[in-house]
Amino acid sequence: MGGHEIVYALAPHAWGRGLGTELAEAVVGHGFGALGLSEVHATVMAANDASLALLARLGFVHRRDIEEDDGSTTRCLSVVRGDRARGRERWAAEGAR
């Protein structure tokens, strides 16, 4: 997928503390607000249930899967600014700033 992609990683000792959510919200909000992006993409290993759940809470939608050379699957997701049908009114508000 072309465009702008969110990338984040946390060390295992930081998991489960809400840091990923805080980080992802800030990065996506900055992309839609200050950068004026209309869409942000994310790629996640299909086995990473926590990250997939986090992105779903932020309104990211599954677009396609990529089968990697090692046999694993990478999920490609995206969120569109102002996509009210997905309940992400805050991204629309970020874009208005």
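The values are calculated or read from the model by the stated rules, or taken from the named source; none is laboratory data. Not measured: the values here are computed from a predicted model. Virtual Cβ from ideal backbone geometry, glycine too; neighbours counted across all protein chains shown.
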Kindly indicate the residue of segment 17-36 that is under 14 Å from Ala53 (Cα atoms) and touching a residue at least 12 places away in the same chain (Cβ under 8 Å) and also surrounded by the fewest Cβ atoms within 10 Å (Cβ to Cβ) among those meeting that condition.
Thr21
Quick test for you: out of His41, His62, pick the one residue that is modelled with pLDDT of 90 or more and in contact with a His (Cβ under 9 Å, 6 or more places away or on another chain).
His41
The number of residues in segment 27-75 that are of a type in the set (A, V, I, L, M, F, W, C) and closer than 22 Å to Trp15 by Cα is 15
Which condition number in (1) exposed (fewer than 13 other Cβ atoms within 10 Å of the Cβ); (2) within 19 Å of Asp83 (Cα to Cα) is the one that His62 fails?
(1)
On the basis of being assigned to a loop (DSSP other than H, G, I, E, B), modelled with pLDDT under 90 and exposed (fewer than 13 other Cβ atoms within 10 Å of the Cβ), does Ala47 make the cut?
no
